[in-house]
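Visitor: Let me give you the structure first, and then I'll get to my questions.
The values are calculated or read from the model by the stated rules, or taken from the named source; none is laboratory data. Note that the structure is a prediction, hence the values are computed from the model and not measured. All Cβ positions, even for glycine, are placed from backbone atoms using ideal geometry, and neighbour counts span all protein chains on display. Heads up: the accessible areas ignore ligands, DNA and RNA and are worked out on the full protein's heavy atoms, side chains in. Shrake-Rupley method; radii C 1.70, N 1.55, O 1.52, S 1.80 Å.
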Amino acid sequence: MSLSTAERPDDAGAVLAEIWSELLGIPAHTITPDASFLRLGGDSVLAVRMAALIRKRLGVVLALADVGAESTVAELTELIRRRSAGGTAARALPVELRRRLDKTAPFPLLPLQQGYFVGQQGGWELSYESAHFYSDVALLDMDSEEAPEALADALRRLAEHQPMLRARVTSDGMQHILPLDAPAAVPEPQVYDLRTASAEETAESLARLRAEMIANGPDPARGPGLDIRLTLLPDGRGRLHTNMSLLLFDGWSATLLNRELLELSADWNAMPAPLDMGFDDYVSSVHALPQTDAWTSDRDWWWSRLDDMPLPPALPLTTDPREVRATTMVNREQYLSPGRWVALRDRCAAHDVTPSTAMFTVFAITIARWAGHHRLLLNSLQLNRLPLHPDVHRVFGAFASTMLLPTELTPGSTFAQLVTQAQRRFTEHAGHALVTGVEVSRELGRRRGTHRPVAPVVFQSTLGMDAAMGAQQPDFAGPLGQLDMDDFFHQLRTPQVALEARFYELRGSLAIVFSLVEELFDIEQVDAAYADLVALVGSLADGDGWDRPVDLPGEPNEARTGLRLGRYDDDRVDADGGPPATELELTIASVWEEVLEAPVLDRGANFFDLGGDSLLAVRALARLAKEAGITVPVREFLADPTVAGVAAASRTDVAR
């Protein structure tokens with residue numbers, strides 16, 4: 001990469017100040033060498049863009065672990081100089097972006113995509129037929145005659161710009177992108193005209209439509225991963241309904257999609273700047289990570305800690321998750337006012353922690369109190385866009401992953417002490433993020449001899465996303481009219497999750513959300529825990545919650561009775577060993593050998609101990625069904641994932 005005179009590594013400090021100025025919206029001349037990215041308003045979301053811009057403008061590749069929110073200008077400048085001089089004091093990204101020549105060829109699913117894909121096969125407890133995010137928003141001052149065509153035209157242009165809108169997932173767990181002119185490649189909006197309906201009919205129709213879309217998300221195995229619908233109402237009012245598959249789109253993509261779709265709807269001639277990379281290029285590039293020393297180093301770091309990992313929070317349950325067939329997750333949602341949210345951000349900066357870390361700590365405290373113990377394993381959803389290219393933040397795709405966070409809250413500590421510890425822990429774990437939480441969870445489950453979710457309590461924060469994208473979402477969309485974000489509804493549905501806390505910004509306010517499978521819990525306990533969470537957030541905004549000791553449980557009471565999350569009877573089946581004993585078992589073993597690329601000599605050997613994972617299990621079952629007529633549901637396979645177990649389940653299935 002050739003650099004301009006103003007962008008040589010010798011000028012790294014000045015260029016870095018310009019990058020920070022651009023990202024943080026402050027004058028470059030006010031950024032001093034000892035200023036930290038975090039103190040000036042940065043966070044881990046903005047750090048992704050910072051790393052990509054450093055690569056673009058200085059030709060220096062930094063890993064995400066190198067650009068933590070705590071970094072100062074001086075520290076990063078020195079690191080850039082060492083890296084540009086060939087130094088090895090820090091680790092760069094171990095793969096380069098490689099563009100695919102055949103853009104229609106299949107490419108793999110990323111680990112979290114694999115989890116969603118298997119969940120849609122009914123393989124996991126708390127599974128659904130689709131993992132998706134649904135939202136709808138009121139429209140005002142709409143041109144009801146022009147709006148349907150404006151929306152359809154915007155979708156066509158967006159599908160040309162963002163190829164993942166044309167993506168499909170195959171039955172064996174691969175993904176591919178259809179040509180723009182392929183039949184049904186582009187999502188087509190459905191329009192409902194209720195302009196002459198009565199108020200009662202309108203209310204019933206909207207409720208029915210919302211319930212239908214929540215219960216039936218888009219399935220990219222059968223059609224587009226995006227379902228857009230528009231309801232026309234009297235007096236220039238309307239409602240825009242959006243349903244997107246988490247198999248194809250992450251939270252960043254959802255926000256980006258809404259922005260670009262509204263911008264294109266407002267201008268018939270608009271087209272975003274061309275993209276110089278695609279999600280398929282990214283996936284194909286990171287697919288090579290397991291062959292690198294850096295990935296192996298991260299794996300060894302995680303594996304060395306697995307045996308000491310705590311269990312998930314022992315939340316009291318009313319029902320075993322295996323017995324629940326939920327159709328959706330239920331929300332509890334409140335908002336912190338813009339003024340208090342600004343005050344909270346300022347207090348976080350004064351304590352050198354990000355707002356996301358503060359909210360994680362609040363959530364961990366809340367869950368510890370509810371569960372009755374202070375050492376617990378939580379799961380965190382991460383945006384996870386490695387800065388392989390400056391356009392990585394502009395691309396639609398399912399980049400997201402998870403990160404396991406073993407958490408120990410020391411009784412007697414103040415909140416300031418707990419959140420500082422959490423900030424260090426986040427930084428340390430993020431420095432080993434080449435191995436995803438999905439991969440770590442698989443190995444943890446294998447060691448614990450279970451195929452039940454090992455970390456079903458999840459934290460998600462998209463705080464800072466608007467700043468990272470550079471502007472707020474437009475609230476005017478041409479013929480679609482004005483968006484009324486005071487009349488906004490959303491619903492999430494993800495497999496293997498019992499409870500998820502979500503924090504995001506909406507029109508200057510902080511949204512505080514519990515999404516949960518309500519059938520699992522005592523509702524009074526849920527409401528009490530959520531009230532505790534909201535009160536803790538409020539105390540941080542007001543300032544009085546930082547320096548007083550936090551009320552935390554001591555050692556767990558082992559005499560506690562009743563069903564609790566993550567505390568189940570051992571469900572592992574030990575089949576009789578020996579070579580496959582029947583023709584059916586020989587057939588199953590033969591298919592396994594081809595899928596696993598390893599010999600299968602023992603009828604009692606566990607599929608996962610032989611090197612299998614959930615995606616390979618789905619592929620093996622699909623091949624057995626197609627080639628040998630042997631049908632075994634994924635859930636029954638997971639109950640006894642041995643050759644003998646599959647043979648027994650097959651006989652049972654045939655008998656029915």
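Visitor: So is LEU383 of a type outside the set (Gly, Ala, Ser), within 19 Å of SER441 (Cα to Cα), under 17 Å from the mean Cα position of the chain (by Cα) and open to solvent by 10 Å² or more (accessible area, probe 1.4 Å) or not?
Guide: Values: of a type outside the set (Gly, Ala, Ser): yes; within 19 Å of SER441 (Cα to Cα): yes; under 17 Å from the mean Cα position of the chain (by Cα): yes; open to solvent by 10 Å² or more (accessible area, probe 1.4 Å): yes.
Judged against the criteria, LEU383 is a match.
Visitor: Being closer than 21 Å to SER253 by Cβ, surrounded by fewer than 20 Cβ atoms within 10 Å (Cβ to Cβ) and small (Gly, Ala, Ser): is that true of ALA131 here? Step through it out loud before you land on a result.
Guide: Numbers: closer than 21 Å to SER253 by Cβ: yes; surrounded by fewer than 20 Cβ atoms within 10 Å (Cβ to Cβ): no; small (Gly, Ala, Ser): yes.
No; evaluated as a whole, the condition is false for this residue.
Visitor: Checking the condition within 31 Å of the chain's Cα centre (by Cα) and of a type in the set (A, V, I, L, M, F, W, C), which residue from LEU586, LEU621 passes?
Guide: On the way: LEU586 fails: within 31 Å of the chain's Cα centre (by Cα).
The unique qualifying residue is LEU621.
Visitor: Can you run down the residue pairs with Cβ atoms below 7 Å, 6 or more apart or on separate chains, where the first is in the range 127-151 and among the hydroxyl-bearing types (Ser, Thr, Tyr) and the partner is open to solvent by 10 Å² or more (accessible area, probe 1.4 Å) and in a helix (DSSP H, G or I)?
Guide: SER130/GLN120; TYR134/ILE214
Visitor: Ok, one more. Return the pairs, sorted by first residue and then second, in which the second residue is modelled with pLDDT of 95 or more and not small (Gly, Ala, Ser), the first residue lies in the range 345-372 and is open to solvent by less than 30 Å² (accessible area, probe 1.4 Å) and in a loop (DSSP other than H, G, I, E, B), the beta carbons are less than 6 Å apart, and the residues are 6+ apart or on different chains.
Guide: Listed by first residue and then by second, the contacts come to VAL353/VAL419.
Visitor: So if I check each of HIS393, HIS389, which one is open to solvent by 20 Å² or more (accessible area, probe 1.4 Å), in contact (Cβ under 8 Å) with a residue 12 or more places away in the chain, under 23 Å from SER253 (Cα atoms) and part of a helix (DSSP H, G or I)?
Guide: Working: HIS389 fails: part of a helix (DSSP H, G or I).
One residue alone meets the criteria, HIS393.
Visitor: Let me ask you something else. Among the residues of the range 153-175, what is the count of those that are touching a strand residue (DSSP E or B) at 6+ places or on another chain (Cβ under 9 Å) and more than 16 Å from PHE249 (Cβ to Cβ)?
Guide: Total satisfying the criteria: 3.
Visitor: Mind listing whichever residues of the range 159-189 are surrounded by 12 or more Cβ atoms within 10 Å (Cβ to Cβ), in a loop (DSSP other than H, G, I, E, B) and free of Cβ contacts under 8 Å to residues at least 60 places away in the same chain?
Guide: Residues satisfying the conditions are LEU180, ALA182, ALA184, ALA185, VAL186, PRO187, GLU188, PRO189.
Visitor: Moving to a separate point now. Going by the structure shown, is ARG332 of a type outside the set (A, V, I, L, M), in contact with a Phe, Trp or Tyr (Cβ under 7 Å, 6 or more places away or on another chain) and surrounded by fewer than 19 Cβ atoms within 10 Å (Cβ to Cβ)?
Guide: For ARG332, the condition - of a type outside the set (A, V, I, L, M), in contact with a Phe, Trp or Tyr (Cβ under 7 Å, 6 or more places away or on another chain) and surrounded by fewer than 19 Cβ atoms within 10 Å (Cβ to Cβ) - is met.
Visitor: Show the residue pairs that are 6+ apart or on different chains and have beta-carbon atoms under 6 Å apart, the first residue being within the range 606-635 and in a loop (DSSP other than H, G, I, E, B), the second being open to solvent by 30 Å² or more (accessible area, probe 1.4 Å) and at pLDDT below 85.
Guide: Sorted first by the residue in the range 606-635, then by its partner, the pairs are THR631/ASP653.
Visitor: Identify, from the list LEU386, LEU463, the residue that is in contact with a Phe, Trp or Tyr (Cβ under 9 Å, 6 or more places away or on another chain), under 30 Å from ARG166 (Cβ atoms) and at pLDDT below 90.
Guide: Numbers: LEU463 fails: under 30 Å from ARG166 (Cβ atoms).
Answer to the check: LEU386.
Visitor: How many residues are in contact (Cβ under 8 Å) with a residue 40 or more places away in the chain and out of contact with any strand residue (DSSP E or B) (no Cβ under 8 Å at 6 or more places or on another chain) when one looks only at the range 190-201?
Guide: Total satisfying the criteria: 0.
Visitor: Residue under question is PRO148, and the condition is that it be outside any helix (DSSP H, G or I) and either touching a Pro at 6+ places or on another chain (Cβ under 9 Å) or farther than 30 Å from LEU616 by Cβ (or both); does it hold?
Guide: Working: outside any helix (DSSP H, G or I): no; either touching a Pro at 6+ places or on another chain (Cβ under 9 Å) or farther than 30 Å from LEU616 by Cβ (or both): yes.
The answer is no for PRO148.
Visitor: Please report, ordered by residue number, the helices (runs of 4 or more DSSP H) entirely within the range 190-298 with at least 1 residues that are at pLDDT 95 or above, within 21 Å of the chain's Cα centre (by Cα) and under 26 Å from ASP102 (Cβ atoms).
Guide: Values: elements: 199-215, 251-266, 279-286.
Those helices (runs of 4 or more DSSP H) span 279-286.
Visitor: Condition first: of a type outside the set (D, E, K, R) and at pLDDT 80 or above. Now tell me which residues in the range 59-78 satisfy that.
Guide: Here is the first cut: in the range 59-78, the residues of a type outside the set (D, E, K, R) are 59-65, 67-69, 71-74, 76-77.
Scanning the range 59-78 gives THR72, VAL73, ALA74, LEU76, THR77.
Visitor: Considering the range 506-527 alone, what residues qualify as being open to solvent by 20 Å² or more (accessible area, probe 1.4 Å) and under 21 Å from ASN216 (Cβ atoms)?
Guide: Those that are open to solvent by 20 Å² or more (accessible area, probe 1.4 Å) and under 21 Å from ASN216 (Cβ atoms): GLU518, GLU519.
Visitor: Tell me the residue from ALA598, ALA589, ALA620 that is open to solvent by 20 Å² or more (accessible area, probe 1.4 Å) and not charged (D, E, K, R), please. Outline the logic, then answer.
Guide: On the way: ALA589 fails: open to solvent by 20 Å² or more (accessible area, probe 1.4 Å); ALA620 fails: open to solvent by 20 Å² or more (accessible area, probe 1.4 Å).
From the options ALA598, ALA589, ALA620, the qualifying one is ALA598.
Visitor: Another question about this same structure. Quick one: is ASP544 charged (D, E, K, R), over 30 Å from MET174 (Cβ atoms) and modelled with pLDDT of 90 or more? Lay out the reasoning, then the answer.
Guide: On the way: charged (D, E, K, R): yes; over 30 Å from MET174 (Cβ atoms): yes; modelled with pLDDT of 90 or more: yes.
In short, yes.
Visitor: Among the candidates GLU428, GLU443, GLU408, which residue alone is over 30 Å from GLU125 (Cα atoms), open to solvent by 20 Å² or more (accessible area, probe 1.4 Å), acidic (Asp, Glu) and more than 15 Å from the chain's Cα centre (by Cα)? Give the steps one after another, and end with the answer.
Guide: Details: GLU443 fails: over 30 Å from GLU125 (Cα atoms); GLU408 fails: over 30 Å from GLU125 (Cα atoms).
Every option except GLU428 fails the conditions.
Visitor: Cβ-Cβ below 6 Å, separation at least six or inter-chain, first residue in the range 481-493 and farther than 10 Å from VAL137 by Cβ and open to solvent by less than 60 Å² (accessible area, probe 1.4 Å), second hydroxyl-bearing (Ser, Thr, Tyr) and modelled with pLDDT of 90 or more: which pairs?
Guide: Cβ pairs passing all conditions: GLN491/TYR134; LEU492/SER515.
Visitor: Looking only at the range 335-344, count how many residues are open to solvent by less than 20 Å² (accessible area, probe 1.4 Å), part of a helix (DSSP H, G or I) and either out of contact with any Phe, Trp or Tyr (no Cβ under 9 Å at 6 or more places or on another chain) or closer than 30 Å to GLN120 by Cβ (or both). It would help to see each step written out before you state the result.
Guide: The first filter runs over the range 335-344 and keeps only residues open to solvent by less than 20 Å² (accessible area, probe 1.4 Å), leaving 336, 341, 344.
Pick out the ones that are also part of a helix (DSSP H, G or I) and you get 341, 344.
With the extra rule that they be either out of contact with any Phe, Trp or Tyr (no Cβ under 9 Å at 6 or more places or on another chain) or closer than 30 Å to GLN120 by Cβ (or both), the set shrinks to 344.
Looking only at that region, the number is 1.
Visitor: Continuing with the same structure: Can you name the residue in the range 1-27 that is at pLDDT 75 or above and in a loop (DSSP other than H, G, I, E, B) and is also surrounded by the fewest Cβ atoms within 10 Å (Cβ to Cβ) among such residues? Walk me through it before giving the result.
Guide: First, the residues of the range 1-27 that are at pLDDT 75 or above: 11-27.
Now restrict to residues that are in a loop (DSSP other than H, G, I, E, B): 25-27.
On the way: GLY25: 11, ILE26: 15, PRO27: 9.
Among them, the one singled out is PRO27.
Visitor: Here is a follow-up. Given the conditions (1) open to solvent by 30 Å² or more (accessible area, probe 1.4 Å); (2) under 21 Å from the mean Cα position of the chain (by Cα), report the number of the one that PHE503 does not fulfil.
Guide: (1)
Visitor: Identify, by number, the condition in (1) farther than 30 Å from PHE360 by Cα; (2) at pLDDT below 80; (3) not aliphatic (A, V, I, L, M) that THR30 doesn't meet.
Guide: Against the list (1) farther than 30 Å from PHE360 by Cα; (2) at pLDDT below 80; (3) not aliphatic (A, V, I, L, M), THR30 comes up short only on (2).
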